[in-house]
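Below is one structure, written out as structure tokens; comments come after it.
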Amino acid sequence: MILAAGRGERMRPLTDRVPKALLEVGGRPLIAHLVERLARAGLTELVVNVSHLAGLIERALGDGSRHGVRIAYSREERALETGGGIAYALPLLGPSPFVVVNSDIYCDFDFARLVSAAAMLDGGTAGAHLVLVDNPAHHPRGDFCLHDGRVSADGPRERLTFSGIGVYAPALFSGVARGTRCQLAALLRPAMAQGRVSGEHHCGLWRDIGTPQRLAELERGLAAAGER
């Protein structure tokens, strides 16, 4: 699942007319980079949640066939936040663990790594597997700790930042009434306290494209590297 329903307030005025997921870097929309990377990893059955300027995203991606995937859309009348959006899409996602990625990131993470993580969650008591990254300059305090493959809200190690990439068991969202707003962190923290969240540290390229400045910085970096 790709999360693309948000309004992108910090990206205004760019997102007044273009959804954040369709902002371009390297000559292509952010979400197109993700769809193509997921396709290369063999993850070809996708769900995209939409709300703000939803029609533009649906017209841009279509059914996904041009990217070698199949896309179903979870349409939210109002954006339901991360946890609420995932819970609302469960009928499209099915009964097995699934990968979720934020649409406003750019990375070189190999999503094929998450296939085995999903298999480990399937049928077990674990609730989630998170990909963590080094803390960026705009988020120096990080989010969670990673120790011996387990993620906790606090711990003996320095905090890392949640990348917006994770694998989740459907049962993690069982307490969320469909159509209600809910932050993902509100579901993850209790699961962490129970030792039900595993994780890994991605040390490669990862950028959170949360502001026009960070979008411009990534564009300059890709141009300098000849990746436009």
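The values are calculated or read from the model by the stated rules, or taken from the named source; none is laboratory data. The shown structure was predicted, so the numbers you read here are calculated from the model rather than taken from an experiment. Every residue, glycine among them, receives a Cβ derived from its backbone with ideal geometry; neighbour counts consider all protein chains shown.
Taking region 22-41 as the search range and keeping residues that are within 23 Å of PRO91 (Cα to Cα) and in contact with a helix residue (DSSP H, G or I) (Cβ under 6 Å, 6 or more places away or on another chain), which one is surrounded by the fewest Cβ atoms within 10 Å (Cβ to Cβ)?
Per the stated criteria, the residue is ALA39.
How about region 1-29: which of its residues are among the acidic types (Asp, Glu) and under 20 Å from GLY164 (Cα atoms)?
GLU9, GLU24
Only one of the numbered conditions (1) free of Cβ contacts under 8 Å to residues at least 24 places away in the same chain; (2) crowded, with 18+ Cβ neighbours inside 10 Å is violated by GLY123, and that is (2).
Quick check on THR180: is it touching a Gly at 6+ places or on another chain (Cβ under 6 Å), closer than 30 Å to LEU22 by Cβ and part of a strand (DSSP E or B)? No. Looking across region 164-177, the residues that are among the aliphatic types (A, V, I, L, M) and in a loop (DSSP other than H, G, I, E, B) come down to ALA169, VAL176, ALA177. Count of region 1-12 residues, restricted to those that are charged (D, E, K, R), in a loop (DSSP other than H, G, I, E, B) and touching a residue at least 24 places away in the same chain (Cβ under 8 Å), is 1. Restricting VAL25, VAL35, VAL48 to residues that are among the β-branched types (Val, Ile, Thr), in contact with a His (Cβ under 6 Å, 6 or more places away or on another chain) and at pLDDT 90 or above narrows the list to VAL35.
Residue by residue, here is whether (1) under 23 Å from LEU30 (Cα atoms); (2) aliphatic (A, V, I, L, M); (3) at pLDDT 95 or above; (4) surrounded by 14 or more Cβ atoms within 10 Å (Cβ to Cβ) holds:
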| residue | (1), (2), (3), (4) |
| --- | --- |
| VAL99 | yes, yes, yes, yes |
| ALA128 | no, yes, yes, yes |
| LEU184 | yes, yes, yes, yes |
| HIS202 | yes, no, yes, yes |
| GLY210 | yes, no, no, yes |
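Among the residues of this structure, ARG78 does not count as one that is modelled with pLDDT of 95 or more and basic (Lys, Arg).
Of the candidates PHE162, PHE144, the single residue that is aromatic (Phe, Trp, Tyr), over 18 Å from LEU3 (Cα atoms) and either surrounded by 19 or more Cβ atoms within 10 Å (Cβ to Cβ) or out of contact with any strand residue (DSSP E or B) (no Cβ under 6 Å at 6 or more places or on another chain) (or both) is PHE144.
Tell me, which residue of region 48-96 that is charged (D, E, K, R) and free of Cβ contacts under 8 Å to residues at least 12 places away in the same chain is surrounded by the most Cβ atoms within 10 Å (Cβ to Cβ)?
To start, the set of residues in region 48-96 that are charged (D, E, K, R) comprises 58-59, 63, 66, 70, 75-78, 81.
Now drop any that are not free of Cβ contacts under 8 Å to residues at least 12 places away in the same chain, which leaves 59, 63, 66.
Numbers: ARG59: 9, ASP63: 12, ARG66: 10.
Once the filter is applied, the top-ranked residue is ASP63.
Among the residues of region 188-228, those that are acidic (Asp, Glu) and over 25 Å from ARG159 (Cα atoms) comprise GLU219, GLU227. Here region 13-37 is the region considered, the condition is being free of Cβ contacts under 8 Å to residues at least 60 places away in the same chain and not in a helix (DSSP H, G or I), and the residue that is farthest from ARG59 (Cα to Cα) is PRO13. The strands (runs of 3 or more DSSP E) located wholly in region 63-163 that include 3 or more residues which are within 18 Å of the chain's Cα centre (by Cα) occupy 70-75, 98-102, 105-107, 128-133.
Taking the criterion of being touching a residue at least 24 places away in the same chain (Cβ under 8 Å) and either touching a helix residue (DSSP H, G or I) at 6+ places or on another chain (Cβ under 6 Å) or among the hydroxyl-bearing types (Ser, Thr, Tyr) (or both), would at least one residue in region 185-195 satisfy it? Checking region 185-195: at least one residue is touching a residue at least 24 places away in the same chain (Cβ under 8 Å) and either touching a helix residue (DSSP H, G or I) at 6+ places or on another chain (Cβ under 6 Å) or among the hydroxyl-bearing types (Ser, Thr, Tyr) (or both).
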